[in-house]
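Everything below concerns the one structure shown next.
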Amino acid sequence: DPHGRHGSTSLLSSQETEKQLSGLAGPTVELPDRTFVDLFQERARGCPDAIAVEHGTVRWTYRELERRVNRIAHALVEAGVETEDVVAVVMDRTPEWIAAALGVFTAGGVYLPVRPDFPVERVVAQLERSACAVALTDPGSEALARAASARLAAPLTRLSVARVLARGGHPEPPRVPMTPGQAAYIYFTSGSTGSPKGALCEHAGFLNHLYAKIEDTGITAGGGDVVTQIASQCFDISLWQFAAPLLMGGSVRIVDTRTQLDVAAFVEEIVEGRVSVTQVVPSYLEVLLTHLEQHPRPLGALRSVSVTGEALTYELVQRWFAAYPDVQLVNAYGATETSDDPMHEVLHGVPEREFVSVGRALRNVNTYVLDENLALVPLGTPGEIAFSGVCVGRGYINDEERTREAFVPDPFRPGTRMYRTGDFGRWLPEDRLEFLGRRDAQVKIRGFRIEIGEIENKLLTMDGVREAAVVTEGDTSEQRVLVAFFSGSEEVTAEGVRDFLGTVLPDYMVPTHVHRVDRLPLTENGKIDKKALARPAAETA
Ligand code: ADP
């Protein structure tokens with residue numbers, strides 16, 4: 001560090017340093033020396049007849065779920081899965097998918113969710129990067145897994161979950177060593193250089209987050225909670241949505257994507273399903289609320305709505321409490337690399353000051369606001385948000401370079417890892433954190449995290465494309481869409497670009513609008529002028 005200020009606190013008074021390092025940290029709460037695996041087993045034995053999973057008309061009790069989990073875990077061990085081996089779960093969101101995820105944990109493996117509708121190229125890249133040798137499949141994903149397998153250099157053992165479950169029996173869970181420091185799961189997030197990054201998190205951080213969610217959403221043991229499992233399986237928030245209720249004897253209610261798209265059906269699901277806890281991204285909260293304002297109705301047992309992934313606006317909070325003063329909102333803030341959310345703001349009403357914070361650090365989490373030399377900035381000054389503590393994941397799987405950039409030694413707590421979020425924020429007088437946006441070109445579209453650079457890099461690999469730039473259009477999160485501009489050979493059409501991108505990227509990363517231009521506009525210093533592109537895009541909308 002040329003300034004000699006690396007991790008320094010010298011600009012601050014000792015009192016302010018103390019406050020930032022301790023006063024604003026989350027409470028220290030001892031974690032049990034156990035993992036989700038045996039805590040789930042214990043719960044399942046304690047309430048075998050309670051409903052664990054609901055999906056449409058399907059109901060599984062804890063006994064029925066546990067039985068399936070153990071069968072899958074045994075099959076994985078027989079297939080050679082050992083501690084920290086990565087197991088891909090290429091399945092749709094069904095009760096079997098939840099059993100498969102729990103089966104991977106129970107076998108001591110690392111859960112890697114893969115969406116069956118992903119392009120095969122992306123699946124291959126994820127399996128390769130994570131050195132994954134075993135995949136669990138369902139009938140809808142077997143062809144994809146076979147195609148991926150054919151393109152992999154190393155062999156991939158494919159296990160059909162339906163076939164594993166058909167074997168019957170009620171085995172005890174396999175005896176495998178489980179420790180809190182063990183790797184638990186990987187979620188791939190978009191990477192600006194063109195290839196996704198696999199964020200690897202550990203059991204301790206996973207459990208710590210579950211306890212925080214349980215506390216702040218008020219899930220009690222045997223309290224009959226019904227929690228929606230609504231998020232896509234490639235989104236880390238999908239994990240607590242099933243794991244938290246299963247830790248407490250509550251019930252997971254899987255809500256299909258089809259139901260979500262039909263907001264009236266989603267409301268019906270909440271009311272009829274006696275849902276007590278749900279979670280949505282802000283753009284969906286807006287759609288839901290608009291519907292409810294037009295068709296007001298009580299929401300039954302609903303008690304807590306977590307909102308996450310993007311900034312929650314004051315206007316939405318006002319509208320929510322005007323309609324549902326008794327249903328709390330939890331603004332949950334974090335990144336996949338930090339075991340989902342290290343911060344919560346629990347709202348029981350409209351905040352006095354006209355804006356919404358991302359709240360306070362959760363248990364066993366330290367939140368810092370830093371300058372570019374990783375020194376603490378004075379309270380109230382904007383800086384980069386960083387986290388340390390049990391929530392910080394181990395890094396990006398088999399990617400030392402990108403791990404080193406984002407996961408650095410915590411300068412204030414030697415021996416611990418710190419994660420640099422790339423988000424800007426500042427501490428507020430009420431000891432809460434304000435989120436101020438991104439340092440780079442990462443964007444959120446309906447909650448999905450997207451690196452603009454990844455789309456541009458893919459577009460540049462298309463034959464005949466010379467230049468490429470992608471911008472976002474739309475002021476609010478629900479209006480926001482991706483717009484691509486390209487120049488190149490006459491043969492390349494906008495439709496062709498969309499088709500091509502659809503074969504290499506997930507649907508939510510394919511730009512809604514594609515425009516051909518003769519040349520991309522440049523700034524004075526020769527960079528692509530994104531501001532100039534954003535303007536006409538907004539005007540032609
Ligand atoms: P998560 O799954 O927790 O949403 P992602 O890894 O998909 O995490 O995305 C993390 C990024 O999303 C954060 O770095 C931040 O930019 C944004 N983000 C997440 N939650 C919030 C929030 N409550 N308010 C504002 N931005 C958020």
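Across all C-alpha atoms in the range 72-112, the radius of gyration and Dmax reach 9.2, 26 Å. For the range 150-278, DSSP calls about 55 percent of its internal beta bridges antiparallel.
Can you give the translational diffusion coefficient of the range 218-305 in µm²/s, computed by Stokes-Einstein from the Kirkwood radius over Cα pairs at 20 °C and 1.002 mPa s? Intermediate results must be reported in sequence, preceding the final value.
Values: Rh = 13.2 Å.
Roughly 163 µm²/s, to the nearest whole number.
Taking the convex hull of the alpha carbon positions in the chain and averaging its projected area over all directions gives 26.0 nm². Label-to-label distance for residue 494 and residue 373 is 5.0 nm, based on points extended 7 Å past Cα in the beta-carbon direction.
Over the range 80-167, all Cα pairs binned in 10 Å intervals from 0 give whole-percent P(r) values of 19, 57, 24, 0, listed from short to long.
Looking at the range 428-527, the DSSP beta bridges with both ends there are about 75 percent antiparallel.
Anything over 28 Å Cα to Cα? Flag those among 19/531; 458/531; 213/458, in the order listed. Violating the 28 Å limit, Cα to Cα: 19/531; 213/458. For residue 436, the shell of other residues with beta-carbons less than 12 Å away shows a net charge of 0, using +1 for Lys and Arg and -1 for Asp and Glu. Here the range 283-326 has an Rg and Dmax of 10.3, 27 Å, counting Cα atoms alone. Annotation for the range 227-295: trypsin sites (Lys or Arg not before Pro) lying in DSSP loop with at most 16 further Cβ atoms inside 10 Å of their Cβ are 274. Per residue, the chain exposes 41 Å² of solvent-accessible protein surface, assessed with a 1.4 angstrom probe and all protein chains in place. With all pairs of separate Cα atoms included, the range 229-277 yields a Kirkwood hydrodynamic radius of 11.3 Å.
From the helices alone, meaning DSSP H stretches of at least four residues, give me the mean residue ellipticity at 222 nm for the chain, per-run term -39500 (n - 2.57), in deg cm²/dmol to the nearest 500. Don't skip to the end; give the middle numbers.
Values: 17 runs with 174 residues, N = 541.
For the chain, the value works out to -9500 deg cm²/dmol.
Over the range 181-231, the alpha carbon radius of gyration divided by the compact-protein estimate 2.2 N^0.38 Å works out to 1.54.
Take the Cα radius of gyration of the range 1-118 and divide it by 2.2 N^0.38 Å, with N its residue count; two decimals is plenty. Let's see the in-between values first.
Numbers: Rg = 21.9 Å, N = 118, 2.2 N^0.38 = 13.5 Å.
Scaled against compact globular proteins, the figure is 1.63.
For the pair residue 162 and residue 291 in one chain, pulling the backbone fully straight at 0.36 nm per residue adds 42.6 nm over the alpha carbon distance.
I need the semi-axes of the equivalent ellipsoid of the range 376-527: take the C-alpha gyration tensor, multiply each eigenvalue by 5, square-root it, list largest first in whole angstrom.
36, 19, 15
Of all beta bridges that DSSP places with both ends in the chain, some 60 percent have antiparallel geometry.
Taken over the range 432-518, the ratio of Cα radius of gyration to 2.2 N^0.38 Å equals 1.15.
The values are calculated or read from the model by the stated rules, or taken from the named source; none is laboratory data. Because the structure is a prediction, the values reported are computed rather than measured. Reconstructed Cβ throughout: ideal geometry from the backbone, glycine too, with neighbour counts over all protein chains shown. Quick note on the areas: whole protein, heavy atoms, side chains included, nothing else; ligands and nucleic acids left out. Shrake-Rupley method; radii C 1.70, N 1.55, O 1.52, S 1.80 Å.
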